[in-house]
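Participant: One structure, as structure tokens, below. Some questions next.
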Amino acid sequence: MVVLQRFTSFHQFNKHKLSSIQFFTCSVKPRKHHLSFKISCDSNQKLVLEFDPKIPIEEAITPPSSWYTDSCFYTHELNQVFFKGWQAVGYTEQIKEPRQYFTGRLGNVEYVVCRDDAGKIHAFHNVCRHHASLLASGSGKSSCFVCPYHGWTYGLDGALLKATRITGIKNFKVNEMGLVPMRVAVWGPFILVNFENGVLPEQESDFDFVGNEWLGSSSQILADGGVDSSLSFLCRREYTIECNWKVFCDNYLDGGYHVPYAHKGLASGLTLDSYSTTIFEKVSIQRCETGSAEKDQNFDRLGSKALYAFVYPNFMINRYGPWMDTNLVLPQGPRKCLVIFDYFLDSSLKGDESFIAQSLEDSETVQMEDIKLCEAVQRGLESPAYCSGRYAPQVEKAMHHFHSLVYQNLSD
């Protein structure tokens, strides 16, 4: 059976400092269940070594275009980058009430996150143990998970409750046929899942230690910068983009380099000379003051300053004025990604329909401009005329840091 060690409710969590993580572990027997792919491409290591993170940014060349186009390299990335460590998968309001759940997919891994009747959070592989059908889809509320294929039923704690028409079966141990669990944790409003395979630890791990694994020394800085549970979820928008997932990340990490050229509307509200970048272990934080002489005093979406945090490998947190939006970049193949935008707003403004509509319209304009850029870059990466580029040392430090972290994962 799956046993959840500890959970503190969403409201109780707000009473504790955000630098600590709530960490949930499940005790299971070892299973021959493998997330890793068998890599048949001998060229992967050669491609990895075409980038050298030890070369100073002033002299460095960017990773080769094959990092963004090669299908074998993409599979290697899933194993080495995404199936190791903590990954943001959702936010606490998605499962605020008992029996709520949501599902997701990363690479070939299907997962479901839920809250049981006792208020405890669980995460499982969203796969029936009978004949591998997916159990749940989308999000919703249910007292159990019933397989749509043959009716096998599982509790929200992962235990197998009913296996239909198995009269005569031998060597069947019910307590070994529950859903395969994953480690799950909460930081502020975000839910994290660890996709690494293996026996999950019996004892509860130190919360700060797990927090440091995900955010490092930036944890308290983000909390102090307004990245917390005080804002209310407003809406979600999803964009399928014809580019490698790293192209979208690179665009985010160029230190505002592209803003005056591609986002003229946004640029008018930012003081670009104030742009700064700070590098942490697995996080980079870009800051910029906002405001202009032409600023509409009746509409202030950006506030006085903006904070843009990139959490390796694929999660972005943007905090500005009364808003916070997050961008989760999910690889869909070597030339495609899905970007999920979740918008959070100060609860005092949730009734201001005009303000919300105008803010979301402005944000949509920026997203459309970025999508056009990213898809054009992907097409350029496919061209035989391009192999590697160079960095602008003063503004693209976060991008170089990102590439170095990818290299580190791929070299392990």
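Participant: Quick one: what pairs do we get from region 247-263, first residue at positive phi, second among the acidic types (D, E), C-beta under 9 Å, 6+ apart or different chains?
Facilitator: G255/E396
Participant: Continuing with this model, one more query. Name the pairs whose Cβ atoms lie under 8 Å apart, with the first residue in region 383-412 and of a type in the set (V, I, T), the second outside any helix (DSSP H, G or I), and 6 or more positions between them or separate chains?
Facilitator: Pairs that qualify, where the first residue is of a type in the set (V, I, T) and the partner is outside any helix (DSSP H, G or I), are V395/D254; V395/G255; V395/G256; V395/Y257; V395/Y275; V395/T277; V406/P63; V406/P313.
Participant: Can you find even one residue in region 369-386 that is hydrophobic (A, V, I, L, M, F, W, C), in a helix (DSSP H, G or I), loosely packed, with under 15 Cβ neighbours inside 10 Å and under 25 Å from the mean Cα position of the chain (by Cα)? Write out each step before concluding.
Facilitator: Initially, region 369-386 is screened for residues hydrophobic (A, V, I, L, M, F, W, C), giving 371, 373-374, 376-377, 381, 385.
With the extra rule that they be in a helix (DSSP H, G or I), the set shrinks to 371, 373-374, 376-377, 381.
Then keep just the ones that are loosely packed, with under 15 Cβ neighbours inside 10 Å; that gives 376.
The next check asks that each one be under 25 Å from the mean Cα position of the chain (by Cα); those that pass are 376.
Among the residues of region 369-386, at least one is hydrophobic (A, V, I, L, M, F, W, C), in a helix (DSSP H, G or I), loosely packed, with under 15 Cβ neighbours inside 10 Å and under 25 Å from the mean Cα position of the chain (by Cα), which makes the answer yes.
Participant: Any residue that is closer than 19 Å to E176 by Cα, touching a Lys or Arg at 6+ places or on another chain (Cβ under 6 Å) and modelled with pLDDT of 95 or more - is there at least one of those in region 139-154?
Facilitator: Yes: one or more hits.
Participant: I would also like to ask the following. Of the residues in region 238-266, how many are open to solvent by 30 Å² or more (accessible area, probe 1.4 Å) and closer than 15 Å to F315 by Cα?
Facilitator: Residues that pass the stated criteria total 2.
Participant: Identify, please: which residue in region 57-69 is in contact (Cβ under 8 Å) with a residue 60 or more places away in the chain and part of a loop (DSSP other than H, G, I, E, B) and is, among those, farthest from E242 (Cα to Cα)? Break it down stepwise before answering.
Facilitator: So in region 57-69, the residues in contact (Cβ under 8 Å) with a residue 60 or more places away in the chain come out as 57-58, 60-65, 67-69.
So of that shortlist, the ones also part of a loop (DSSP other than H, G, I, E, B) come out as 57-58, 60, 62-64, 69.
Numbers: I57: 28, E58: 30, A60: 27, T62: 21, P63: 19, P64: 19, T69: 12 Å.
Residue satisfying both the conditions and the ranking: E58.
Participant: Right, here's the next one. All but one of (1) assigned to a loop (DSSP other than H, G, I, E, B); (2) open to solvent by less than 10 Å² (accessible area, probe 1.4 Å); (3) modelled with pLDDT under 95 hold for A293; state the number of the condition that does not hold.
Facilitator: (2) is the only condition that A293 fails.
Participant: May I pose another question? List every residue pair whose Cβ atoms lie under 7 Å apart, where the two residues are 6 or more positions apart in sequence or sit on different chains, the first residue falls within region 327-347 and is over 18 Å from Q367 (Cα atoms), and the second residue, located anywhere, is open to solvent by less than 10 Å² (accessible area, probe 1.4 Å) and assigned to a strand (DSSP E or B).
Facilitator: L345/W323
Participant: Now, a different point. Among the residues of region 181-196, is any in contact with a Ser or Thr (Cβ under 9 Å, 6 or more places away or on another chain), open to solvent by 20 Å² or more (accessible area, probe 1.4 Å) and of a type outside the set (K, R)?
Facilitator: no
Participant: State which residue pairs qualify: first residue among the basic types (K, R) and inside region 101-122, second residue open to solvent by less than 20 Å² (accessible area, probe 1.4 Å) and not in a strand (DSSP E or B) in any location, beta carbons under 7 Å apart, and separation of 6 or more residues or different chains.
Facilitator: R115/I95; K120/L4
Participant: Let me ask you something else. Give all pairs with beta carbons closer than 7 Å in which a residue from region 227-239 that is over 18 Å from A306 (Cβ atoms) meets a residue that is assigned to a loop (DSSP other than H, G, I, E, B) and open to solvent by less than 40 Å² (accessible area, probe 1.4 Å); count only pairs at least 6 apart in sequence or on separate chains.
Facilitator: S229/G188; S229/P189
The values are calculated or read from the model by the stated rules, or taken from the named source; none is laboratory data. Keep in mind that what you see is a predicted model, and the values were worked out from it rather than measured. Heads up, the Cβs are rebuilt from the backbone with ideal geometry, glycines too, and the neighbour counts pull from every protein chain shown. Accessible surface areas use protein heavy atoms only, side chains included; no ligands, DNA or RNA. Shrake-Rupley method; radii C 1.70, N 1.55, O 1.52, S 1.80 Å.
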